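The next block holds one structure in the form of structure tokens; read it before the comments.
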Amino acid sequence: MINHQIKELPDEKGWIVGDSGTIIHTSDGGKTWISQNSRTNNNVVSVFFLNRNLGWAASQNYSTFPYGTMLLKTTNGGAYWSGTPFPVDDIFITCILYRDSLNGWMGGSPNVLVKTMDGGITWVQAGIDTSTLAFFPVLSIKFLNEKYGYACGGLHDIAGVIWRTSNRGDLWQAIDPSEAPADEVHGLYIFGSLYVKIHVPYFATGIQYRLNQIGKSIEKTEWVSFGQQNRNIWKSDSSRCHGKSNSEMVKW
């Protein structure tokens, strides 16, 4: 099994998803794990739980036509997962975020950034600006609060990208290409509406951006992320569900 994503809750419950429909669950902080029936043989690449009962996952189908994403949902902690195809073929969801039981976001490829306001029954593509980097795959989405949010992604060996919204996700603006990371961005950590840190795993680097009020970078700091420093930089409190981080390390 190749692990694609881990989701932890503050009460020692957690889920891991991976290849061939794998979903495993712990209720004791990882001491023991049990397998859950995802009802799919395709790779499960993303999982998100709002609480101990309500969760969603995304399974990508590259093997049988029509290709695309099967959206999985559970209301009982994974004892039963139901599946609904994403309504558009050839869309591959890579990340899921829900702010409550009705309002959620998903990102994926190609250039997918969609929102639901009815618990996943319907999805609407968000507005994305038309800069050079605007239409790259989306790999992670986080919100600081209802107004401010960030997303990240990119293409391996081409460029990374960060998007920012300051109007509840109605419009997402990409970072200027001159400030873009050298590779796709996976880790995204928000410390304020104008402060964000990212992780570029292929280069083992971290980048801190300080933005102005219209979301343009006015300060960019890079460092190599390894060892004890890396553990401090990326430590976050997983009990906060909306992208907020409880960092031990920075004051700026």
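Only one of the listed residues (30, 83) is out of contact with any helix residue (DSSP H, G or I) (no Cβ under 8 Å at 6 or more places or on another chain) and part of a loop (DSSP other than H, G, I, E, B). That residue is 30.
Between 93, 162, 141, the distinction of being in the same structural domain as residue 71 (by TED's automatic domain parsing) and assigned to a strand (DSSP E or B) belongs to 93 only. Checking every residue in the range 41-61 against the condition of being crowded, with 21+ Cβ neighbours inside 10 Å, assigned to a loop (DSSP other than H, G, I, E, B), of a type in the set (Ser, Thr, Tyr) and at pLDDT 95 or above gives zero matches. If the condition is being of a type in the set (A, V, I, L, M, F, W, C) and surrounded by fewer than 14 Cβ atoms within 10 Å (Cβ to Cβ), then the range 62-75 contributes only 65.
Just one residue in the set 182, 151, 134 is in a strand (DSSP E or B) and not acidic (Asp, Glu); that residue is 151.
The values are calculated or read from the model by the stated rules, or taken from the named source; none is laboratory data. Because the structure is predicted, anything quoted here is derived from the model rather than measured. Positions of Cβ are generated from backbone atoms using ideal geometry, with glycine treated the same way; all protein chains shown enter the neighbour counts.
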